[in-house]
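What follows is a set of notes on a single structure, which appears directly below.
Here, each number is a calculation from the coordinates, and none is a lab measurement. Owing to the predicted nature of the structure, the values given are computational and were not obtained by experimental measurement. Cβ atoms come from the backbone with ideal geometry, glycine included; neighbour counts cover every protein chain shown.
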Amino acid sequence: MNVRKIINILYQILFFIVPLILYPYTSELFEFNKMIAVYILTVLILFFWAVRGVSERKIIIKRTPLDIPILIFLGSQIISTLISIDIRTSLFGYYSRFNGGLISLFCYAILYWGYVSNLSKNDTLTHIKVILISTFLSSLYGILEHFGIDKNIWIQDVEDRVFSTFGQPNWLAAWLAAVIPVSLSISLSLSSRSNEKESNLQTRNVTTFIPYILAGIFFITLLFTKSRSGILGLIIALIVYWGLIFIKTVNSKTEFKSFLKSVFAFVISFTLIVFLIGSPWTPNISEVLDSLQNHKSITYNLQPTTTAAPALEVGGSSSTEIRKIVWRGALDVWKNYPLFGSGVETFAFSYYKFRPAAHNLVSEWDFLYNKAHNEYLNFMATSGTIGIISYLTLITFFAVIFIRSIFTNYTNPSRNTRMDKIGDNPRRISEISEKTIILSDRTNILNIAIFSGYVSILLTNFFGFSVVPVNLLFYLFPAMVISLGQEGKTVKEQELNIEKLSGIQKIFIFIACLFTLLVFYSIARYWYADVLYNRADQLAKSGNLIDAVKSINSSIKLSGSEAIYHDELASELMDVALVYNSQNATESAKKFSENALTQINFAEKLSPINLNIIRNKARIAIQLSEINPAYILDAKNELLKGISLAPTDAKLYYNLSLVYFRINDIPNTIETLKKTIELKANYRDARYAYAIVLSENDNAEEAEKQLQYILKYIDPNDINAQKMLDETNNIFPSQ
């Protein structure tokens with residue numbers, strides 16, 4: 001058994017499966033399952049890496065220039081996790097995002113060191129091919145999505161903006177922007193072999209053309225995502241790519257001609273694709289023809305596409321406007337947690353304490369933002385100054401590694417060629433030297449492509465945030481370059497013979513095996529608990545409350561520290577209590593309502609600054625006040641707590657005003673509604689409620705102003721507001 005080859009195969013599986021994997025029966029179809037795949041393969045790679053070390057009686061770890069920066073970065077994340085405002089979230093990542101938690105960062109670091117310590121240049125070339133194959137399959141699915149293959153499955157308009165196996169158009173675009181330069185490099189690598197003797201010139205030409213076909217398919221898919229950040233990332237990556245290729249070839253007449261041909265073929269083909277497909281800024285050929293046919297001038301759509309999803313992902317209010325607001329809030333979080341931030345991946349909790357009031361005025365004002373939509377500001381907010389400096393240092397060292405690899409001769413024939421083995425044959429020496437130079441050129445081209453793809457990741461992360469597949473490239477692209485740059489070195493091949501192992505070696509391998517199985521069991525429990533959680537949610541939505549409660553209880557048995565599971569159970573128990581109450585089964589209603597409050601209280605104890613749980617606790621208390629009116633006071637206290645954590649959240653103030661109204665505290669009702677409208681002037685429901693309260697308290701004039709504001713500035717066709725205004729005018733005619 002060749003352990004090193006097994007490790008190589010595991011990395012191939014990693015690169016192939018992570019972009020493609022999804023599972024429809026988990027709470028999050030894409031990122032969760034990709035993260036689980038990374039966990040599993042990391043554990044397997046670590047196990048076989050340990051087995052290799054035990055069998056060879058040494059610690060196998062290659063020293064690289066990135067070791068200290070990675071360790072410093074991990075150290076900053078460990079400290080940030082230990083002092084986090086929500087430690088579990090910092091460990092596992094925000095639930096529904098997952099990537100970025102401390103455990104995932106350890107996995108990426110292990111994968112980096114495992115790669116450079118066990119894999120060779122040839123392995124890396126194989127992995128590049130695997131990445132291209134996986135990307136091709138994902139792109140093919142994305143193109144089919146554009147033509148409606150699965151349009152009835154998703155809520156999103158997937159025909160307008162495809163996301164394939166990535167789950168979100170910008171995430172797919174970020175991956176494609178990083179991979180397209182690599183696909184282009186294969187064609188140049190093949191072109192660089194033009195001096196090699198080949199028996200079939202036609203076959204060589206066809207082979208050279210295949211990477212351009214792949215790059216074209218990837219680019220078409222990228223355009224179908226309509227991701228402006230992804231396309232911009234690709235543009236910058238291609239400028240870097242072609243610029244470095246130009247520098248590399250400008251002193252060689254033969255190579256420069258090949259460069260010009262490649263650039264010409266690229267420009268023509270990609271320009272033609274843009275003309276046929278269109279872009280977020282330019283029309284496609286169909287729109288051009290329609291415009292000419294109708295004798296209308298062609299207009300360029302410079303505004304983001306609007307759909308039902310958040311603007312920062314696809315449209316709505318200006319994404320630039322929203323980003324400015326969210327980024328300002330992220331900076332305020334950093335100012336209040338300057339050294340180590342609020343805790344790894346806790347932006348969803350810390351942002352709302354400092355959320356600008358202007359956020360209430362955008363179309364996605366009541367969306368939960370669990371990321372800063374800028375990777376660097378996200379690190380500043382959640383990991384503080386130490387975290388962002390260590391992260392930028394890591395990037396800087398990565399860049400230095402890349403640049404050195406590009407401008408350093410990896411192979412020197414005079415140094416690497418063993419003269420004692422080839423004799424004094426000049427022709428033989430010439431053939432080997434030429435082949436070595438060709439391999440060096442191919443490596444340099446591939447390094448340039450990887451560096452260009454890495455640059456695209458830095459840019460797409462500026463306008464968004466990293467996800468599992470892209471983060472995998474972020475950490476393993478440098479490992480690939482280091483592997484490609486091993487000067488004349490090969491990784492030692494050694495077969496594992498169990499019979500030749502000593503007793504101590506067998507014990508160590510047995511312990512490693514037990515540890516691996518234990519971790520696998522924990523991962524399986526974690527994954528299956530989510531499956532049961534999702535099943536409970538679906539059962540509850542379909543009205544099957546008894547089975548829903550059973551399913552979520554099973555989930556809690558597997559993962560009892562997950563606050564959102566207890567939150568979900570509380571909601572389902574509340575629904576059961578309300579059903580019993582409607583059937584006049586008082587004792588049962590009381591029992592289930594008490595259990596619901598017990599569960600939501602426990603959820604809040606597990607995650608005390610989780611605004612979603614606090615909101616849900618207030619909702620449950622309000623609903624259960626039908627059974628026990630005293631619960632309305634619990635709702636009031638919970639909303640006040642929520643406001644202390646999110647002082648600019650207009651919806652919390654609005655709900656608090658309704659609670660005050662329920663307990664007949666009219667002065668606080670009026671003051672709270674005033675504050676609500678102050679935070680969100682275009683809040684229709686708040687103004688309408690304010691008009692009702694004013695009208696019932698003999699302030700018809702002010703009530704009329706609220707109704708007129710609704711009809712003039714919010715919704716001129718608001719039937720209820722118009723009806724109430726007419727009634728108010730009839731009761732209190734103007735003098």
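For the reader, a short list of remarks on this structure follows.
- Sorted peptide list for 31-41, 599-609, 468-478, criterion being average Cβ within 10 angstrom, highest first: 468-478, 31-41, 599-609
- The 3J(HN,Hα) values that the Karplus relation (6.51, -1.76, 1.60; θ = phi - 60°) gives for the range 695-710 are, in residue order, 5, 6, 10, 6, 10, 5, 5, 5, 4, 4, 4, 5, 5, 5, 4, 4 Hz. Gly and Pro appear as x.
- At R0 = 35 Å, FRET efficiency that the Cβ-Cβ distance of N717 and E159 yields, to 0.05: 0.70
- Entry note, the chain: the mean residue ellipticity at 222 nm calculated from DSSP H runs of n ≥ 4, each adding -39500 (n - 2.57), is -23500 deg cm²/dmol after division by the residues and rounding to the nearest 500.
- Sorting W175, W113 from the fewest to the most surrounding beta carbons within 10 angstrom yields W113, W175.
- FRET E, pair R525, E701, Förster distance 45 Å, beta-carbon r, rounded to 0.05: 0.10
- Axis of helix 319-336 versus longest Cα principal axis of the chain: the two differ by about 90°, to the nearest ten degrees.
- Report note on the peptides 549-555, 223-229, 614-620: ranked by the mean count of other C-beta atoms within 10 Å, highest first, their order is 223-229, 614-620, 549-555.
- Taking 7 Å steps out from each Cα toward its Cβ at L514 and S644 produces label points 4.8 nm apart.
- Taking each residue as 0.36 nm, the span from I403 to I87 lengthens on full extension beyond its C-alpha to C-alpha distance by 110.0 nm.
- Cβ charges +1 (Lys, Arg) and -1 (Asp, Glu), total dipole of the range 529-731, debye: 440
- Between 0 and 90 degrees, the angle of helix 121-146 with respect to the longest Cα principal axis of the chain falls at about 40 degrees.
- Length gained on full extension, T393 to R57, computed as 0.36 nm times the residue gap minus the Cα-Cα distance: 117.5 nm.
- In this structure, I133 and R684 have a Cβ-Cβ separation that, at R0 = 45 Å, corresponds to a calculated FRET efficiency of about 0.30.
- Residues whose amide H comes within less than 5 Å of that of G93, counting only those at least five positions distant or on another chain, are G101, L102 (H built at 1.01 Å from N in the peptide plane).
- Centroid-to-centroid separation of the range 215-273 and the range 633-667 [C-alpha atoms, Å]: 56
- Remark: spin-label model distance L276-T586 equals 7.5 nm, labels positioned 7 Å along the Cα→Cβ axis.
- Residues of type lysines that K605 reaches as a straight line, Cα spacing below 29 Å, ignoring anything fewer than 8 places off in the same chain: K335, K353, K371, K541, K550, K557, K590, K591, K617, K636, K641, K651
- Rounded to 10°, Cα long-axis angle of helix 503-541 versus longest principal axis of the chain: 40
- The coefficient of translational diffusion for the range 529-731, derived via Stokes-Einstein from the alpha carbon Kirkwood radius under 10 °C and 1.306 mPa s, stands at 85 µm²/s.
- Point-to-point label distance, S286-K253, nm (Cα→Cβ direction, 7 Å offset): 5.0
- Translational diffusion coefficient (Stokes-Einstein; Kirkwood radius from C-alpha pairs) of the chain at 10 °C, 1.306 mPa s, in µm²/s: 54
- Counted by neighbouring Cβ atoms within 10 Å, the residues H146, H566 run from fewest to most as H146, H566.
- Under 5 Å, built H, 5+ apart or other chain: amide partners of S363: S317
- Here the Karplus relation 6.51 cos²θ - 1.76 cosθ + 1.60, evaluated at θ = phi - 60°, turns the backbone of the range 175-183 into coupling constants of 5, 5, 4, 7, 8, 4, x, 5, 5 Hz, with x for every Gly and Pro.
- Counted by neighbouring Cβ atoms within 10 Å, the residues T648, T254, T124 run from fewest to most as T254, T648, T124.
- Close amide H partners of N2, meaning residues 5 or more places away or on another chain with modelled amide H under 5 Å apart, are L496.
- 3J(HN,Hα) couplings calculated from phi for the range 247-253 with the Karplus curve 6.51 cos²θ - 1.76 cosθ + 1.60 (θ = phi - 60°) are, in sequence order, 4, 5, 9, 4, 8, 10, 4 Hz; Gly and Pro show x.
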